[in-house]
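Below is one structure, written out as structure tokens, with a few remarks after it.
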Amino acid sequence: MNQEMQAIRLTQACSIEELKPTAVNRPEVKPGHALVKVKAFGVNESEVTSRKGLSSADFSYPRILGIEGVGVIEEVAEDSQLKVGQQVATMMSGLGRAIDGSYAEYMLIAESNLIAFESKLPWEILGAVPEMVQTAYGSLTTGLNLKKGDTLLIHGGTSTVGITAAVLAKSMGATVLSTSRKLDKFDALKSFGVDFPILDDKDFADKVREIAPRGVDKILELVGTNVVPQDMALLKAAGKLCFTGALNNTWTFDNFSPYQIPFGKYFTSYAGGVSDLPSPILNDILRKIEEGESKLPIAKVYQGLEEVGEAQANLESGQFIGKHVVVL
């Protein structure tokens, strides 16, 4: 007989008020997978979209939401390389969309989609790590090949990925320019290591050129495809632009031609996963946080599945900087 657990499982689009935990069957271990006791997870825009019934075709009901999470191994299959009690993180690869996710007491995850780590950090900090660290790190490395001495422009700088990218880029030796649409968020950007906060208004491009007259080496685009032409004009010769996100929901181009990319400049994208954040890299980032060399943007911490609705509401409000983290 299956054991039960508490989870937030949607059968259709619903309101925030309907995000309530319910009893469901606890997953059973199968070959190549491990049962993880969830300790914490971050709340993400894509989960809000799924709750509203606006996700793309890779999402299906019924579904336990949650595209990322951290926890400890509860049970493993035979011949597993993992050990019970081991700390692990997971994110993406269909989690919370095509397969059940982290808004639950337990989750069944393919071992190939788990990153082992060891850390003394509290779960409310660890819960903020997986998606935003993986996305930021992958964008800077796989996407941009960021090097020491590079000048990096982050467009969409007050997003969680934008702030995390600034933290990581500074640790890699880059000079960081980062945008905000609000002046009152400049101090927050500076506190995370941004060298030049820039107001994202009609004079944005001129302000970038004042700081970097010859252009910037690399640009991380998190706002939308509609600003890519402007980005390209701000790049140095041989500079690289990585499109990772669309805060304004502009994901595609109208009447795009490759010849719109200026000669000698490079345009790529990033949408990677676990393989782009190897265990040694994750452990090194966590060590730097433990030792106070780096910090992560955490907006608010919530206790238990009962507070997921509040977390989504606060995320949607846009009034916070940083990750909303639920601890179980």
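Just so you know, all these numbers are worked out from the coordinates, no wet-lab data involved. Since we're looking at a predicted model, the values are computed, not measured. As a convention, Cβ positions derive from the backbone with ideal geometry for all residues, glycine included, and neighbour counts pool all protein chains shown.
Structure notes:
- Cα-derived Rg over Rh, computed across the chain with Rh taken as Kirkwood radius: 0.98
- The local environment of Val76, defined by Cβ-Cβ distances under 10 Å, has a net charge of -4 under the rule Lys, Arg +1 and Asp, Glu -1.
- Semi-axes of the equivalent ellipsoid for region 132-269, Cα gyration tensor, largest first, Å: 21, 16, 15
- Semi-axis lengths, Å, region 231-328, gyration tensor of Cα atoms, sqrt of 5 times eigenvalues: 34, 21, 13
- Antiparallel bridges, percent of DSSP beta bridges restricted to the chain (to nearest 5): 55 percent
- Fewest-first ranking of Arg63, Arg181, using other Cβ atoms within 10 Å as the exposure measure: Arg181, Arg63
- Among Leu82, Leu95, Leu277: highest mean-square fluctuation, GNM of the chain, C-alpha pairs under 10 Å: Leu82
- Shown for Glu105, Glu290, Glu68: other C-beta atoms within 10 Å of each C-beta, ranked fewest to most, produce the order Glu290, Glu105, Glu68.
- Comparing Lys120, Lys20, Lys236 in a Gaussian network model of the chain where C-alpha atoms under 10 Å apart are linked, the largest mean-square fluctuation is found at Lys120.
- 16 Å Cα-Cα reach of Lys236 towards aspartates and glutamates, excluding residues that sit fewer than 8 places from it in its own chain: Asp150, Asp206, Glu210, Asp217, Glu221
- Structure note, pairs Lys148/Lys240; Lys120/Lys148; Lys185/Lys300; Lys218/Lys323: Cα-Cα distances above 20 angstrom occur for Lys120/Lys148; Lys218/Lys323.
- Here region 26-60 is scanned for amide nitrogen atoms under 12 Å from the site 7 Å beyond the Cα of Asn2 along Cα-to-Cβ, giving 26-29.
- Expected 222 nm ellipticity per residue - DSSP helices of 4 or more, -39500 (n - 2.57), all of the chain, to 500: -6000 deg cm²/dmol
- Listed by Cβ neighbour count within 10 Å, with the fewest neighbours leading, Val70, Val161, Val227 appear as Val227, Val161, Val70.
- Positive dipole terminus of region 132-269, leading residue within Val228, Ser257, Ser191 (C-beta point charges): Ser191
- Region 11-62 and region 265-311 have Cα centres lying 19 Å from one another.
- A crude spin-label estimate for the pair Asp187 and Asp203, with each label 7 Å from Cα along the Cβ direction, gives 2.3 nm.
- Span from the region 73-99 Cα centroid across to the region 140-208 one, whole angstrom: 33 Å
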